[in-house]
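Colleague: Encoded as structure tokens, here's the structure I'll be asking about.
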Amino acid sequence: MTMVGTPPPLPVRGKEGGQGRTQGALSPMLSRLADERATGVLIREHGTLHLSDGHVVHAESRLAPGLDLLLTAHGPLGTADWQQAGRRTDSLPGAARLLLDAGRLTTGVLELCHLGALFDAGYFALAPSSTPGRFRYGIAPGPAPLRPVPVTALERETVRRRELLHRIWPDPATDSAPLIRADPVAAPPVTSRQRAVLELVDGVRAAPDIARELGRRTFQTLVDVRRLAAAGLVAPGTAPGPSPPPLPQVTDPDIALLKRLRDALEAL
């Protein structure tokens, strides 16, 4: 693991680990930071976790829609409202505080969307990684309207989601590959939610792309996609390969040269 900044000394832990730690934690590094009550940013291959005093206050992943999309897609805010708040502050909690104070958001709606975005992005941030994570120590933020989440709660929710998806359909390829429609002999009925997902399956979009287009949490879309896969309605396709290099342009001098070569060959 990589640490950036000047970390405080880590506590000495026994074999049992930290209080309330589940055996086989998803990220030993995150577990240590939680026990240390660290503040900063943990950067992993598929997402980023923002910690304050050992708790997760915010999570981001390119595979999950952010708080802004969840609030503006189907919530009480317009995109312009969020953008205006964002221009007046340099942080997501700050923008949320401005909207709360202005009466544009209620605490309940903000908390619901915040936790949805956090658990969604945290699920991907804690996915198995091929590269080591790194942590940047930072300064504890001031009071914010976003409720922090204990690391153990995020880990439990991530494990629960993994197990649920496996029970629905055990092939994880449908989570990240471009999706194609299958043609079962007898197509089973689908719900309205699943139909909305199915209508966007085009051989190019993957499940996170569909979630973002629908303004939904990615995990909900993963559940719908795996149920559609279990019903034989969708299947993982193949990612498009790199485009072939463009053909060289043939200019007039090139054509003249080719004619002279052809005439020379015919004269032999």
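The values are calculated or read from the model by the stated rules, or taken from the named source; none is laboratory data. These numbers were taken from a predicted model, which means no experiment stands behind them. Backbone-built Cβ (ideal geometry, glycine too); neighbour counts: all protein chains shown.
Colleague: Scan region 32-54 for residues that are in a strand (DSSP E or B) and under 26 Å from residue 208 (Cα atoms) and jot them down. Quick ask: steps written out before the conclusion?
Modeller: We begin by selecting, within region 32-54, every residue in a strand (DSSP E or B); these are 40-44, 47-52.
Result: 41, 42, 43, 44, 47, 48, 49, 50, 51.
Colleague: Shifting gears a bit: Residues of region 83-111 being free of Cβ contacts under 8 Å to residues at least 40 places away in the same chain and part of a loop (DSSP other than H, G, I, E, B), which ones?
Modeller: Within region 83-111, 88, 89, 90, 102, 103, 104, 105, 106 qualify.
Colleague: Being closer than 18 Å to residue 64 by Cα, at pLDDT below 95 and in a loop (DSSP other than H, G, I, E, B) is the filter; apply it to region 201-233 and report the residue that is nearest to the chain's Cα centre (by Cα).
Modeller: 217
Colleague: Now for a separate question. Pull up region 73-82, narrow it to residues that are in a helix (DSSP H, G or I) and in contact (Cβ under 8 Å) with a residue 12 or more places away in the chain, then point me to the one that is farthest from residue 220 (Cα to Cα).
Modeller: So the first thing to find is which residues in region 73-82 are in a helix (DSSP H, G or I), and the list is 73, 79-82.
Within this subset, residues satisfying the condition of being in contact (Cβ under 8 Å) with a residue 12 or more places away in the chain are 73, 81-82.
Details: 73: 15, 81: 26, 82: 24 Å.
Applying the filter and picking the extreme gives 81.
Colleague: Ok, one more. For the structure I just gave you, tell me whether residue 173 is in contact (Cβ under 8 Å) with a residue 40 or more places away in the chain and assigned by TED's automatic domain parsing to the domain that holds residue 231.
Modeller: The answer is yes for residue 173.
Colleague: Kindly list the number of the only condition in (1) out of contact with any Phe, Trp or Tyr (no Cβ under 9 Å at 6 or more places or on another chain); (2) under 30 Å from residue 206 (Cα atoms); (3) crowded, with 20+ Cβ neighbours inside 10 Å that fails for residue 85.
Modeller: (2)
Colleague: From the set of residues in region 158-200 that are in contact with a Pro (Cβ under 8 Å, 6 or more places away or on another chain) and assigned to a loop (DSSP other than H, G, I, E, B), which is nearest to residue 30 (Cα to Cα)?
Modeller: 176
Colleague: Ok, one more. When residues of region 176-200 are filtered for being within 19 Å of the chain's Cα centre (by Cα) and either free of Cβ contacts under 8 Å to residues at least 12 places away in the same chain or closer than 30 Å to residue 35 by Cβ (or both), how many remain? First the steps, then the outcome.
Modeller: Step one: filter region 176-200 for residues within 19 Å of the chain's Cα centre (by Cα), giving 176-179, 197, 200.
Within this subset, residues satisfying the condition of being either free of Cβ contacts under 8 Å to residues at least 12 places away in the same chain or closer than 30 Å to residue 35 by Cβ (or both) are none.
So the answer is 0.
Colleague: Any residue in region 152-166 that is in the same structural domain as residue 29 (by TED's automatic domain parsing) sitting within a Cβ distance under 9 Å of a residue that is in a helix (DSSP H, G or I) and of a type in the set (S, T, N, Q)? List the pairs, counting only those 6 or more apart or interchain.
Modeller: Listed by first residue and then by second, the contacts come to 152/31; 155/31.
Colleague: Let me ask something else. Keeping to region 158-187, report how many residues are surrounded by 11 or more Cβ atoms within 10 Å (Cβ to Cβ) and out of contact with any Gly (no Cβ under 7 Å at 6 or more places or on another chain).
Modeller: Of all residues in region 158-187, those surrounded by 11 or more Cβ atoms within 10 Å (Cβ to Cβ) come to 158-162, 164-166, 168-169, 171-182, 187.
Imposing the further condition that a residue be out of contact with any Gly (no Cβ under 7 Å at 6 or more places or on another chain) reduces the set to 159-162, 164-166, 168-169, 171-176, 181, 187.
Residues in region 158-187 being surrounded by 11 or more Cβ atoms within 10 Å (Cβ to Cβ) and out of contact with any Gly (no Cβ under 7 Å at 6 or more places or on another chain): 17 in total.
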